[in-house]
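Worksheet for the structure shown next.
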Amino acid sequence: MSYQPVKFYQTGTFTVGNRLLDESDRSVQATTARNNSLNSGHRACQGCGEALGARYAIDAAMAASNRQLIAANATGCLEVFSTPYPETSWQMPWIHSLFGNAPAVASGVAAAMRIKGRTEVRVVAQGGDGSTTDIGFGCLSGMFERNDDVLYICYDNEGYMNTGVQRSSATPPAVRTATTMPLGPEPGNVFGQGKYLPAIAMAHRIPFVATATVADLRDLEHKVKHAINIRGAKYIHIFVPCPLGWGSASHDTINLAYMAKECGLFPVFQAEYGKITGVSKIRKPIPVEDYMKPQRRYAHLFGKNPALETIAKIQARADENISTYGLLEEGVN
Amino acid sequence: MTLKQIEGSHGVAETIALCRPEVICAYPISPQTHIVEGLGEMVKAGELRAEYLNVESEFAAMSVAIGSSAAGARTYTATASQGLLFMVEAVYNAAGLGLPIVMTVANRAIGAPINIWNDHSDSMSQRDCGWIQLFAETNQEAMDLHIQAFKLAEELSLPVMVCMDGFILTHAYERLDVPTQEQVDAFLPPFEPRQILDPSHPVSIGAMVGPEAFTEVRYLAHAKQLQALDLLPEISADFKKSFGRDSGGLIRPYKTEGAETIVIALGSVLGTIKDVIDEMQEAGCSIGVLGITSFRPFPLDAIRDALKGAKRIVVLEKCFAVGVGGIVATNVRMALEGSGQQVRTVVAGLGGRAITMSSLHAIFLEAMAGKLEALTFLDLNSEVVDHVLELERNVRLSGPVAESVLRNIGTVASNIA
């Protein structure tokens with residue numbers, strides 16, 4: 001993604017010191033005026049990628065909507081850790097209804113705002129990959145098809161973490177979860193054809209679809225701000241590592257998100273009306289092992305007798321992403 | 001008053017429009033569909049200013065309703081049968097969140113075996129979901145109850161289900177009094193919720209409530225629904241003042257004064273029963289009928305009073321709890337606890353089976369003679385069921401019942417060589 005064409009200095013990311021930028025170009029998180037929409041004191045785990053992603057995304061949405069924002073939240077970690085009654089971390093109007101209906105609830109809120117002439121109010125729905133790709137999939141597709149004025153944000157940590165790390169349809173192949181244990185001749189999750197929601201969202205030809213990671217704050221904020229000002233259905237799929245579910249160190253969350261993108265397993269791009277309009281290039285290609293090794297959910301593939309064939313199959317998937325989405329800078333291999 | 005010769009569903013649609021709903025969620029399912037079709041036409045033609053969402057399922061219909069109601073919009077939807085069951089999780093949620101959504105249930109049987117015709121199994125399955133449930137006897141009452149339902153829902157901040165018999169009412173054409181906009185506006189003020197989703201006053205709705213407060217929240221839901229026992233008669237009286245006719249309330253006694261046998265029923269079958277009662281009273285029988293309009297909350301006291309002096313109670317219901325018997329009857333027994341009055345259950349009209357005057361006449365005579373068993377299925381073809389039960393005593397059978405009956409008589413389509 002090249003919304004910021006000037007490269008200030010090379011750190012391997014798009015990170016740039018706020019001090020070098022004009023006030024207006026600084027990140028929402030860098031401003032003292034940020035909303036702190038998901039306030040401190042919530043019960044998320046240390047290093048939670050979802051909490052980070054939600055704070056970045058919702059603060060950016062609040063900034064872009066001039067704080068005229070209503071959120072509908074699916075059941076899941078984000079809901080449970082943010083609102084243990086009688087407390088709440090949400091500094092905004094927020095509703096949780098069910099696991100599988102956040103997109104429809106948001107459609108209802110948007111309809112109410114429309115009939116009441118509150119056109120300044122923007123609506124966001126959010127949930128994890130379980131509620132998005134599995135149980136809430138029907139409602140999400142319906143919301144897309146009607147082109148309801150809702151931004152749906154999926155925080156993808158590749159499994160049902162709130163219920164104790166079970167497999168979702170967003171869980172990658174070979175991964176260990178509580179329902180895909182590393183046992184038998186094909187340990188871990190199956191090598192299926194996957195269920196890639198960003199592409200499914202694009203197939204609905206909605207005005208805006210994007211992916212992002214918590215490793216690239218500016219890109220994430222930019223996409224949310226852009227999406228919030230579009231009328232119609234929008235979808236942003238944010239990659240959020242889960243230290244608890246992945247068996248990774250809390251301090252590795254951002255690094256893992258960064259490596260997932262750099263190895264090609266998680267393509268970062270944006271699309272309008274079903275057509276890709278921008279891709280974040282890989283800057284320093286890395287092998288998938290570098291990304292997998294710090295995560296215990298892949299531990300059964302390494303050790304004394306590494307599962308070379310399995311690792312090669314995962315690498316092949318990354319390579320396929322790299323060619324499908326054109327993730328490499330020209331001349332870089 | 002101008003009477004219009006219209007279909008029950010269209011009468012309801014026109015009435016809903018007069019209630020000025022702001023968001024309508026539509027998903028087709030027989031026999032409810034004509035209602036949302038009617039509303040859709042009015043919105044398309046610009047006669048009704050509302051957001052009309054064609055959703056992808058009943059689960060989405062109720063979920064959209066939850067969102068719009070929580071954001072302060074007067075919200076309506078309609079469903080039936082499988083549709084009601086498909087939205088159940090959201091139905092409970094709407095009640096738990098205290099959202100004043102009004103929903104029509106065009107009562108229909110539940111499969112398997114699939115059946116599109118009328119009985120009360122659908123809404124009865126939701127008797128414990130926290131919604132207020134009102135049953136209409138006629139199409140006029142169905143229309144009137146919807147106007148009252150919005151008032152009640154918004155007064156108590158509770159969702160209200162108006163149940164009307166599928167096909168028997170929804171598809172019946174008759175002369176109906178469609179009130180004027182002025183009449184409805186005077187009776188039903190605009191929706192002014194206390195707490196909504198609004199950026200100028202941010203609130204969190206739907207937090208996770210643990211063991212320390214859950215019981216209290218549930219108790220309050222019960223206490224709040226019981227308030228409808230006082231409010232329903234008040235609203236019904238106000239309605240009579242404004243519209244000039246009896247509609248709603250808790251119960252509707254008919255010729256029960258001094259009656260030794262009292263029949264209890266809900267919905268449109270009351271019309272047939274009243275005709276039978278008229279004939280039987282003329283012939284000197286001591287029998288009356290009590291209609292229940294408010295099934296939730298269940299008016300225990302009002303029913304106990306209305307049944308005072310009756311020796312035998314016959315609950316005629318279009319539903320039953322498999323494995324135990326009558327649903328309405330169980331509730332009636334609660335009302336009569338300690339009274340020693342005999343309660344008999346007659347299950348009738350399942351899956352749209354016609355409830356005829358002659359069958360009713362015969363069963364009521366049996367009841368009066370003290371010959372009725374505790375649980376009777378009206379017009380049950382005992383030859384068929386006895387045959388199947390006899391066969392199954394000898395051969396272990398598994399699989400779907402209806403198809404098994406066919407197999408026994410040798411008419412399974414897939415067996416045709």
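None of the figures in this text is laboratory data; all of them are computed from the coordinates on show. Computed from a prediction, not measured in an experiment: that's the story for all the values here. Note: ideal-geometry Cβ built from the backbone for every residue, glycine included; neighbour counts use all protein chains shown.
Observations, loosely collected:
- The Stokes-Einstein estimate for segment A:209-276, based on a Kirkwood radius over Cα pairs and taken at 37 °C with 0.692 mPa s viscosity, is a diffusion coefficient of 256 µm²/s.
- Of the beta bridges in chain B, as assigned by DSSP with both residues counted there, near 25 percent are antiparallel.
- If only the Cβ of Lys and Arg carry +1 and only the Cβ of Asp and Glu carry -1, the dipole of chain A around its Cα centre is close to 340 debye.
- Taking N as its residue count, the alpha carbon Rg of segment A:236-333 over 2.2 N^0.38 Å: 1.14
- Cα convex hull of the protein assembly as shown, projected area averaged across orientations, nm²: 39.9 nm²
- Shape of segment B:118-217, Cα gyration tensor, a/c cut at 1.5: oblate
- Hull volume per residue, based on the alpha-carbon atoms of segment A:74-232 and their convex hull, is 124 Å³.
- Other residues whose C-beta falls under 13 angstrom from the C-beta of A:Met259 contribute a net charge of -1, scoring Lys and Arg +1 and Asp and Glu -1.
- For chain B, the mean residue ellipticity at 222 nm estimated from helices alone is -12500 deg cm²/dmol, where every DSSP H run of n ≥ 4 contributes -39500 (n - 2.57) and the total is divided by all residues, rounded to the nearest 500.
- Per-residue 3J(HN,Hα) values for segment B:192-208, derived from phi via the Karplus relation 6.51 cos²θ - 1.76 cosθ + 1.60 with θ = phi - 60°, read 10, x, 7, 10, 9, 6, 8, x, 7, 9, x, 10, 9, 10, x, 6, 7 Hz in sequence order (x marks Gly and Pro).
- Set of lysines with alpha-carbon distance to B:Lys44 below 20 Å, sequence-local pairs under 8 removed: A:Lys116
- Counted charge near A:Ser168, where neighbours are those whose Cβ lies closer than 15 Å (Asp, Glu -1; Lys, Arg +1): -1
- Size estimate for segment A:269-309 follows the Kirkwood approach: the inverse of mean 1/r over distinct Cα pairs works out to 13.1 Å.
- Relative pair counts by distance (%), Cα atoms of segment B:30-98, 5 Å bins: 4, 16, 25, 25, 19, 9, 2, 0
- By the Kirkwood approach, averaging reciprocal distances over each pair of separate Cα atoms, segment B:179-268 gets a hydrodynamic radius of 17.8 Å.
- Order of B:Thr75, B:Thr33, A:Thr133 - criterion: other Cβ atoms within 10 Å of each residue's Cβ, fewest first: B:Thr33, A:Thr133, B:Thr75
- Given A:Lys195/A:Lys234; B:Lys274/B:Lys371; B:Lys151/B:Lys274; B:Lys241/B:Lys311, the pairs whose alpha carbons are separated by over 25 Å: B:Lys151/B:Lys274; B:Lys241/B:Lys311
- For segment B:3-243, the alpha-carbon radius of gyration amounts to 0.96 times the rule-of-thumb value 2.2 N^0.38 Å expected for a compact globular protein.
- For segment A:155-161, backbone phi angles converted through the Karplus equation (6.51, -1.76, 1.60; θ = phi - 60°) give residue-by-residue couplings of 9, 8, 10, 6, x, 7, 7 Hz, Gly and Pro being listed as x.
- Considering all different alpha carbon pairs of segment B:1-141, the Kirkwood hydrodynamic radius works out to 15.3 Å.
- Cross-link reach list, aspartates and glutamates versus A:Lys223, counting only Cα pairs under 15 Å and skipping chain neighbours closer than eight places: A:Asp25, A:Asp59, A:Glu272
- Amide H partners (placed H, <5 Å) of A:Asn162, local residues excluded: A:Cys77
- Taking the DSSP beta bridges with both ends in segment A:18-325, the antiparallel portion is around 25 percent.
- Rg over Rh, two decimals, segment B:251-377 (C-alpha only, Kirkwood Rh): 0.92
- When DSSP beta bridges are restricted to pairs lying wholly in the protein assembly as shown, around 25% turn out antiparallel.
- Taking amide hydrogens as placed 1.01 Å from N in the peptide plane, the amide H of B:Thr256 sits under 5 Å from those of B:Val289, each at least 5 positions away in sequence or on another chain.
- Across segment B:251-265, coupling constants 3J(HN,Hα) worked out from phi with the 6.51/-1.76/1.60 Karplus curve, θ = phi - 60°, read 9, 9, x, 9, 6, 8, 3, x, 6, 6, 10, 10, 8, 10, 7 Hz, and Gly and Pro carry x.
- Average Cα contact separation per residue, chain B, under 8 Å, 6 or more apart, as relative contact order %: 15 percent
- Fewest-first sequence of A:Thr32, A:Thr83 by Cβ atoms within 10 Å of each Cβ: A:Thr32, A:Thr83
- Evaluated at q = 0.17, 0.22 Å⁻¹: base-10 log I(q)/I(0), Debye formula over Cα of segment A:56-100: -0.50, -0.80
- In segment B:100-248, taking the dipole from charged Cβ atoms about the Cα centre, the farthest positive-side position among B:Met124, B:Phe150, B:Ser247 is held by B:Met124.
- Here chain B is treated with +1 on each Lys and Arg Cβ and -1 on each Asp and Glu Cβ, and its dipole about the Cα centre works out to around 540 debye.
- Globularity ratio of chain B, using Cα Rg and 2.2 N^0.38 Å: 1.02
- The order of A:Glu262, B:Glu216, A:Glu221, A:Glu272, going from fewest to most other C-beta atoms within 10 Å of their C-beta, is B:Glu216, A:Glu272, A:Glu221, A:Glu262.
- Segment A:109-196, relative contact order in percent, only Cα pairs under 8 angstrom and at least six apart counted: 23 percent
- Just so you know, the averaged projected area of the alpha carbon convex hull for segment B:8-54 sits at 2.8 nm².
- 27 Å tail of the calculated P(r), segment A:18-325, as % of Cα pairs: 39 percent
- Residues whose amide H lies under 5 Å from that of A:Glu87, counting only those 5 or more places away or on a different chain, are absent; hydrogens are built 1.01 Å from N in the peptide plane.
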